[in-house]
1. Consider Val112 carefully, then state whether it is surrounded by 15 or more Cβ atoms within 10 Å (Cβ to Cβ), hydrophobic (A, V, I, L, M, F, W, C) and assigned to a loop (DSSP other than H, G, I, E, B).
2. Hey, Ala33 hits all of (1) out of contact with any helix residue (DSSP H, G or I) (no Cβ under 6 Å at 6 or more places or on another chain); (2) under 27 Å from Leu186 (Cα atoms) but one; which does it fall short on?
3. Can you confirm whether segment 33-40 contains a residue that is assigned to a helix (DSSP H, G or I) and crowded, with 17+ Cβ neighbours inside 10 Å?
4. Which condition number in (1) open to solvent by 30 Å² or more (accessible area, probe 1.4 Å); (2) assigned to a helix (DSSP H, G or I); (3) over 17 Å from Glu115 (Cα atoms) is the one that Met52 fails?
5. In segment 153-179, which residues are of a type outside the set (Asp, Glu) and in contact with a helix residue (DSSP H, G or I) (Cβ under 6 Å, 6 or more places away or on another chain)?
6. Return the residue satisfying two criteria in turn: it lies in segment 1-32 and is assigned to a loop (DSSP other than H, G, I, E, B) and modelled with pLDDT of 95 or more, and of such residues it is surrounded by the most Cβ atoms within 10 Å (Cβ to Cβ).
7. Go through (1) over 13 Å from the mean Cα position of the chain (by Cα); (2) among the β-branched types (Val, Ile, Thr); (3) open to solvent by less than 10 Å² (accessible area, probe 1.4 Å) for Thr134 and report which single condition fails.
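The values are calculated or read from the model by the stated rules, or taken from the named source; none is laboratory data. Please read these numbers as outputs of a predicted model, since none were measured by experiment. Cβ placement follows ideal geometry from the backbone for every residue including glycine, while neighbour counts extend to all protein chains displayed. SASA here: full protein model, heavy atoms, side chains in, ligands and nucleic acids out. Shrake-Rupley method; radii C 1.70, N 1.55, O 1.52, S 1.80 Å.
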Amino acid sequence: VGVQKLALTFDDGPDPVWTYRLLDRLAAVGARATFFVIAARAVAQPRLIERMRRDGHAIGLHCGEHVRHSDRDSTWLRRDTGLALARLGEVAVRPTLWRTPWGDLAPWSTAVAEEHGLQLVHWSADTHDWRGDTAEQMLDATAGSIGPGAIVLAHDGIGPGARRRDAAQTVRYVQLAARHARRHGLAMEALA
C-alpha cells in the first residue's frame, strides 16, 4: 500500500513577501504544494517562480484578471485565459492545472479548459484564510476534511475581497497541517 497523499494548494500569488515565507515553511516540514498563480504576479516574481519549481512544487493557472467566470462571457474567458497562459510562458510556466477565481465556473469554463489542455481543480477543504482567521481556527475548520486525497484551499497572495493584511496565519497553518498530516500517515504532495 502506497503513502496516502494530501494536497495543499495556494491561490492569488505569488506574493513577494509571503510566498517566500510559505516556501521556507513548506521546505521545513518537507511538503510539496500546488500554487495557482495570477499571471501578472508570476511574471513580476520570476525568482519566486524558479524557487517553486526548484523546490518541487506544482504551478497552475489561477487567472489573468481575477474575475468570476459567471460574470463574463465565453469570449472574455477565452481571451483572458489565452493572455494569462502567454504571460506565464514568459517565465517558462506551462500549466496543466487550473483553479478559477473563487472556484466559480460558467457553462463555458470546461470548454475553455479543454481547449488549453487544462484540468479544472476545486478543493475539498477550505481554510477561509482570507478572512483573517488564526492558524488554529483554520485547522479546526479543515481537520475533519483532511484525509487521503484531500485538496486544501489556502492563499499565499492577498486577493480581492480579502479581510486580512498578510498571510502570516496561513504560514503558521502549514506547520499545524503538517503535524496533523503526519499523525494520520499523510504525505503533503503537489497535485500532478
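1. No: the conditions fail for Val112.
2. All conditions pass for Ala33, except number (1).
3. Yes - at least one qualifying residue is present in segment 33-40.
4. Here Met52 meets the rest and fails (1).
5. Once the filter is applied, which keeps residues that are of a type outside the set (Asp, Glu) and in contact with a helix residue (DSSP H, G or I) (Cβ under 6 Å, 6 or more places away or on another chain), segment 153-179 yields Ala154, His155, Ala162, Arg163, Ala167, Gln169, Thr170, Val171, Arg172, Tyr173, Val174, Leu176.
6. Per the criteria, the residue is Pro14.
7. Of everything listed in (1) over 13 Å from the mean Cα position of the chain (by Cα); (2) among the β-branched types (Val, Ile, Thr); (3) open to solvent by less than 10 Å² (accessible area, probe 1.4 Å), Thr134 misses just condition (3).
For every residue, the table says whether it meets (1) open to solvent by 50 Å² or more (accessible area, probe 1.4 Å); (2) in a loop (DSSP other than H, G, I, E, B).
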{"position": "Trp123", "(1), (2)": "yes, yes"}
{"position": "Met138", "(1), (2)": "no, no"}
{"position": "Gly144", "(1), (2)": "yes, no"}
{"position": "Gly149", "(1), (2)": "yes, yes"}
{"position": "Pro160", "(1), (2)": "yes, yes"}
{"position": "Arg165", "(1), (2)": "yes, yes"}
{"position": "Arg172", "(1), (2)": "yes, no"}
{"position": "Ala187", "(1), (2)": "no, no"}
{"position": "Leu191", "(1), (2)": "no, yes"}
